[in-house]
1. Taking θ = phi - 60°, what integer Hz values does the Karplus form 6.51 cos²θ - 1.76 cosθ + 1.60 yield along the stretch 383-396, in sequence order, with x for Gly and Pro?
2. Over the stretch 501-609, what is the mean sequence separation of C-alpha contacts under 8 Å (at least six apart), divided by residue count, expressed as relative contact order in percent?
3. Please report, in whole Å, how far the alpha carbons of the stretch 465-617 spread along each principal axis, starting with the longest.
4. Counting pairs of alpha carbon atoms under 8 Å apart in space and at least six apart in sequence, what relative contact order in percent does the stretch 266-419 give?
5. Would you work out what percent of the accessible area of the stretch 204-298, with all protein chains in place, is carbon or sulfur (probe 1.4 Å)?
6. Expressed as an acute angle from 0 to 90° and rounded to the nearest 10, what is the orientation of the C-alpha long axis of helix 256-282 relative to the principal long axis of the chain?
7. With a 1.4 Å probe and all protein chains kept in place, how much accessible area does Val36 have, in Å² rounded to the nearest 10?
8. Using 0.36 nm times the number of residues separating Lys475 and Asp72, minus their current alpha carbon distance, what extension gain do you get?
Amino acid sequence: MISVDRLVPRLARWWAIALFFLLGASMGARAVPIEVAVGGAERQINLGMNSQLLEDATGSLTLADVIQRDRDWSAYHGDSYNLGFSRSTWWVRMRVHYRGDLPARRILEVASALQDEIDFYVVRSDGTVLQSVQTGDRRPFENRPVHSRVPTFHVDFAPNQTLDIYVRLGSHDGLQEATMFKLWQPDAHVQSVQSETLAFGLYYGTLITVLLYHLFLFISTRQRSFAWYCGYVSAFLFWSFAFRGYAFQYLWPDSPDFNNQILPMAAAACYAMFGAFMVSYLQTARRAPRFMHRAILASIAGSVICVTPALWDRYALSFALSIPFGVVQIVLALIIGSWLAVGGYRPARYFIMAFFMLAVGVVLYYTRVLGVVPSNILTENFLQIGSALEVLLLAFGLADRMNTLRAEKLAAERQALAAQEALTTELENLVQRRTRALESANQRLAAMAITDELTGAYNRRHFNTALQAEVARHKRHHCPLVLCMADIDEFKRYNDRYGHLAGDRVLQQVAQTVKQNLQRAGDQFFRLGGEEFALILNVNEPWERTQEFVERIRADIEALGIEHDKSAQGVITCSFGLLWVLPDSTLARAEDIYASADALLYQAKAAGRNCVISQMA
């Protein structure tokens with residue numbers, strides 16, 4: 001038997017143990033807020049690292065309801081809240097303990113300019129609501145207690161006081177923006193806002209400067225690429241100004257619905273203008289595969305169509321629909337730009353470098369909105385950094401292309417000038433009016449215009465001019481004139497037997513042999529057409545020496561030993577008609593002299609070929 005004296009203490013111990021476990025279970029069921037201690041030295045604290053989150057699926061809970069639902073809160077330890085697409089209303093609770101001995105004020109900044117509904121409450125430990133503010137970008141800007149682009153609130157602490165901060169995050173149509181909660185010292189917050197304003201001022205100033213510069217370039221050059229580039233920079237500038245909250249703050253603070261409609265319109269304009277710029281700058285219609293070019297045009301049209309839901313106040317739907325079209329455009333831009341850059345297209349290299357910076361910023365933005373990556377200073381601002389670098393790199397690309405077009409235009413002008421000079425080389429009086437540099441160019445072009453391309457001999461046009469000049473000199477100075485006609489024997493049959501390529505080689509070899517024998521300055525060698533050649537020879541030597549000279553040329557051609565089984569000699573040979581025109585000759589015209597020399601050539605052909613028939617006239 002257990003005595004009463006022993007039973008009572010034993011029961012008491014069991015009741016104490018049971019009560020301890022019951023109280024422990026009760027305390028464990030409650031989600032006690034993690035207290036954030038604030039002293040006097042912290043410039044800024046991210047309250048999201050020690051906060052609690054509660055989901056209100058119906059959006060009907062009030063502050064009193066969420067205070068009482070102590071067990072429904074879940075701990076949250078992250079830099080930011082990336083709730084993405086959600087039709088639920090979300091409550092955030094943060095407990096802050098101020099350890100100072102004097103009253104103090106802190107600034108709570110909700111680092112999101114686009115959150116639709118933000119209800120802010122400060123509750124004392126006894127349940128008294130000290131502050132209640134309803135704001136957000138779906139409410140008039142005047143609701144904000146602090147004139148700032150993002151919702152900002154004053155939190156006043158008494159000495160050694162603990163306050164609970166409740167924030168209700170609501171969405172108009174299901175898109176929750178990435179949000180951070182930062183508690184600032186007032187001076188530190190002022191410095192932060194000033195630095196941020198300076199940074200964005202430089203950013204927007206850079207974009208505006210680049211925009212105006214290229215607008216002037218478009219006005220002066222009328223290049224479409226400059227127009228699309230200006231449209232893209234303007235759309236991006238406007239979108240960024242609205243996206244960062246400055247448009248709502250300064251342009252239409254009393255029109256929150258319009259502020260939410262203009263954002264997807266500006267984004268669609270960015271996609272459309274960028275796509276149009278890409279098509280023009282990279283010349284995708286001509287350089288890219290046809291299906292890729294059409295895919296770009298389809299993505300541009302899709303981006304514009306995605307604006308439609310925003311006109312009926314469905315910002316989230318418009319944003320969701322634009323994501324696939326934006327991704328398609330990004331992927332196509334990277335593929336086409338890389339493909340053209342690898343292919344050596346110079347503008348594509350600037351484009352791919354520029355677009356890579358923007359693509360990284362866009363990807364970080366979308367992944368941050370969808371909750372894939374945390375929200376921090378890099379993911380928040382790299383879109384601006386990347387876009388600024390992109391705009392500058394594209395500006396360099398346009399400048400490089402303008403220089404390239406200028407060089408191509410200059411080259412085309414030079415070609416046109418060269419062609420014009422080639423047509424006027426026969427007029428000696430115009431050649432004298434040219435500058436020394438153009439005279440050199442005229443000489444080169446004149447040589448090309450009077451030279452037979454295959455053999456290097458002078459052509460028929462120059463023969464006519466040269467013979468007329470020799471006849472005029474012959475009459476003026478009463479000096480002899482020597483004209484020799486030459487023709488390759490059985491050349492047509494050679495071409496039929498060995499082919500035209502072999503015939504061309506024969507022409508070249510014969511011409512080379514003749515030119516090697518021409519050592520005197522006055523000797524000129526012409527190809528009149530086909531296998532027919534002519535020589536105008538220097539007359540400083542006696543008639544017999546001239547005959548020997550022509551005979552040596554004939555022998556050298558025969559000595560080449562070029563096989564010709566259709567010829568009586570078995571090799572390539574030439575026939576020559578040599579005419580010596582005396583000063584008192586009756587042959588006074590170039591046509592008569594040419595006809596006489598040609599007749600001698602035909603006599604050589606009739607005499608069995610491979611010989612020289614000469615005559616004085």
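1. Once θ is set to phi - 60°, the couplings for the stretch 383-396 become 4, 6, 4, x, 5, 5, 5, 5, 4, 5, 5, 5, 5, 4 Hz.
2. Numbers: 86 pairs, mean separation 19.0, N = 109.
Reported relative contact order: 17 percent.
3. Its Cα atoms span 48, 29, 27 Å along the three principal axes.
4. On the way: 132 pairs, mean separation 27.4, N = 154.
Relative contact order comes out at 18 percent.
5. Working: 2750 of 4230 Å².
Solvent-exposed carbon and sulfur of the stretch 204-298 make up 65 percent of the total.
6. Helix 256-282 and the main axis of the chain meet at about 20 degrees.
7. 20
8. Details: separation 403, 0.36 × 403 = 145.08 nm, distance 12.19 nm.
Gain on stretching Lys475 to Asp72: 132.9 nm.
The values are calculated or read from the model by the stated rules, or taken from the named source; none is laboratory data. Treat the numbers as computed from the prediction; the structure is a model and nothing was measured. A quick note on method: Cβ atoms are made from the backbone with ideal geometry, for glycine too, and the neighbour counts reach across all protein chains shown. Surface areas here come from the heavy atoms of the whole protein model, side chains and all, with no ligands, DNA or RNA. Shrake-Rupley method; radii C 1.70, N 1.55, O 1.52, S 1.80 Å.
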